[in-house]
Structure formats: C-alpha cells, structure tokens
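Asks: Quick one: the structure is below, and I'll ask about it shortly.
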Amino acid sequence: MTLQGNTIYLRALEPEDLEFIYHIENDESIWEVSNTQTPYSKFLIRQYLQNAHQDIYEAKQLRLAICKNETSEAIGLIDLFDFDPKNQRAGVGIIIQNEIDRNSGFGKEALGLIIDYAFQQLQLHQLFANIGVENKVSLALFTTFGFEKIGIKKDWNFNNNHFHDEALFQLIKK
C-alpha cells in the first residue's frame, strides 16, 4: 500500500477528525508555519470535512491524517496544495501535533510516503515547500529527501512584530 509505512500510515480525513483538526488549526504556536492568522470555528472545519472527499484534481489540494500504525491515533497532517496537473507540481506541507511525536521520525516517514505517492501515483514532476529560514527542523527534514533551496523570499512573513525570510525548496523527480 502506497500510504502505509513501518510506523505510520496516511489516510483521508474523516468526520471524526473534527476535534483533532480544530486543535491543530487553533494552535497559535504553529500559526507561523501554517500562515494562519485567525482561529477556525468548529462549524468551518465541519464544512471543510464535508467537502474533504473531493478529488485532488477538483479541490487542487489533498490533506491526509498521519496516524500511528499501533494505535490508529492521528498525530499530524500532511498536505499537497497548489496542485497543478498541467505543470505536474504541488506544494507539500506537514505538521506533527505534539513535541514528543515530532522527534520520533514520524514526520520523516510521512514525507517519504507523500513524495512516493506524488511521483508514482499522481505522476508529478516536482514538489515544492515554503520553509521559514529559522525552522531548522523542517529545513533538515526536507533536505534529507533531496529538496534543494532555490531561493529566499526576503521579509516574506510578518510574525511577532518582525519580518522573516522564507526559503523556497524544490524536489524534481529524477
């Protein structure tokens, strides 16, 4: 199975994920990496989940839950966004909810699975990622898979009363 790893698997979102997504989307400590500026209501997330069944070609994005094999517990989300079938590319983003799980290799395994899925199943030519230059963990994760920094967007994001640079990374299918 393409979306099954040794310790985690990726699955489509379910209505039961409402509370989990609500907590992630409203966690102000990660708003900086998700470009979120305002809280999300449960009503909006419920509507989003009702439309989550849309095909990636229709929605231009795909959000999957990252779940532990042992417990089926959702621990994070991984997204393909700005899906462009004509140019065979998409952006990729990942968030692991809690600190303990962030340092357990789950994100690395999830990113590997989504890269394989994007290149093999969706036949994409390239993936890209936008990463704040201060986000050392994400920078290390993406470069592990061969993502190359192709540019810096100066003063791109305004957080905590300061502008911050953001790096653009790209992985082209070999």
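The values are calculated or read from the model by the stated rules, or taken from the named source; none is laboratory data. Note that this is a predicted model, so its numbers are computed, not measured. We place every Cβ from the backbone using ideal geometry, glycine too, and count neighbours over all the protein chains shown. Protein only, heavy atoms only, side chains kept; ligands, DNA and RNA dropped before computing areas. Shrake-Rupley method; radii C 1.70, N 1.55, O 1.52, S 1.80 Å.
Asks: Let me have the 222 nm mean residue ellipticity of the chain computed from DSSP H runs of 4+ only, each contributing -39500 (n - 2.57), with the sum over all residues rounded to the nearest 500. Could you put the intermediate results ahead of the total?
Replies: On the way: 7 runs with 49 residues, N = 174.
Helices in the chain give a 222 nm mean residue ellipticity of -7000 deg cm²/dmol.
Asks: Heavy atoms only, probe 1.4 Å: what % of the accessible area of the range 71-174 goes to carbon and sulfur, would you let me know? Walk me through the numbers before you get to the answer.
Replies: Working: 2830 of 5640 Å².
Carbon and sulfur together cover 50 percent of it.
Asks: Then there's this: Per-residue HN-Hα couplings for the range 62-67, Karplus 6.51 cos²θ - 1.76 cosθ + 1.60 at θ = phi - 60°, whole Hz, x for Gly and Pro?
Replies: Values per residue, Gly and Pro as x: 9, 10, 10, 7, 9, 10 Hz.
Asks: Per residue, how much accessible surface does the chain expose to a 1.4 Å probe? Answer in Å², no decimals.
Replies: 59 Å²
Asks: Sort 9, 57 from largest to smallest accessible area, using a 1.4 Å probe on the heavy atoms of the protein chains.
Replies: 57, 9
Asks: Tell me, what is the 1.4 Å probe accessible area of residue 22, in Å² to the nearest 10?
Replies: Its accessible surface works out to 70 Å², give or take rounding.
Asks: For the chain, what does the alpha-carbon gyration tensor say about shape, rounded, prolate or oblate, given a ≥ b ≥ c as the root eigenvalues, a/c under 1.5 as rounded, and a/b over b/c as prolate? Before the final figure, lay out the partial values.
Replies: Working: a/c = 1.31, a/b = 1.07, b/c = 1.22.
Cα axes put the chain in the rounded bin.
Asks: Let's see if you can work this out: charge +1 on each Lys and Arg Cβ, -1 on each Asp and Glu Cβ, no other charges. What is the dipole magnitude of the chain about its Cα centre, in debye to the nearest 20?
Replies: Using only the charged Cβ atoms, the result is roughly 600 debye.
Asks: Can you list the HN-Hα couplings for the range 152-167, worked out from phi with the Karplus curve (6.51, -1.76, 1.60; θ = phi - 60°), rounded to whole Hz and with x for Gly and Pro?
Replies: Each residue of the range 152-167 in turn: 10, 8, 5, 6, 6, 10, 9, 9, 6, 6, 9, 8, 10, 6, 10, 8 Hz.
Asks: Give the longest segment of the chain that steers clear of GluC sites (Glu not before Pro) in DSSP loops with at most 15 neighbouring Cβ atoms within 10 Å, not counting the sites themselves.
Replies: 1-69
Asks: Now for a different question. Under 30 Å Cα-Cα from residue 173, which lysines qualify once same-chain neighbours fewer than 8 residues away are excluded?
Replies: 60, 68, 86, 108, 136, 149, 153, 154
Asks: Return the percentage of antiparallel bridges among DSSP beta bridges fully within the chain, rounded to the nearest 5 %.
Replies: Here the share of antiparallel DSSP bridges comes out near 90 percent.
Asks: Using the Karplus curve 6.51 cos²θ - 1.76 cosθ + 1.60 with θ = phi - 60°, work out ³J(HN,Hα) for each residue of the range 131-141 in order, rounded to whole Hz, and write x for Gly and Pro.
Replies: Couplings: 9, x, 5, 8, 8, 4, 5, 5, 4, 5, 4 Hz.
Asks: How would the range 41-118 be classified by its alpha-carbon gyration tensor: rounded, prolate or oblate, with rounded meaning a/c under 1.5 and the a/b versus b/c comparison settling the rest?
Replies: Oblate, since a/c reaches 1.5 and b/c is not below a/b.
Asks: Would you work out if the range 107-174 is rounded, prolate or oblate? Take a ≥ b ≥ c from the square roots of the eigenvalues of the alpha-carbon gyration tensor; rounded if a/c is under 1.5, else prolate when a/b is larger than b/c, oblate otherwise.
Replies: Note, shape of the range 107-174 comes out prolate.
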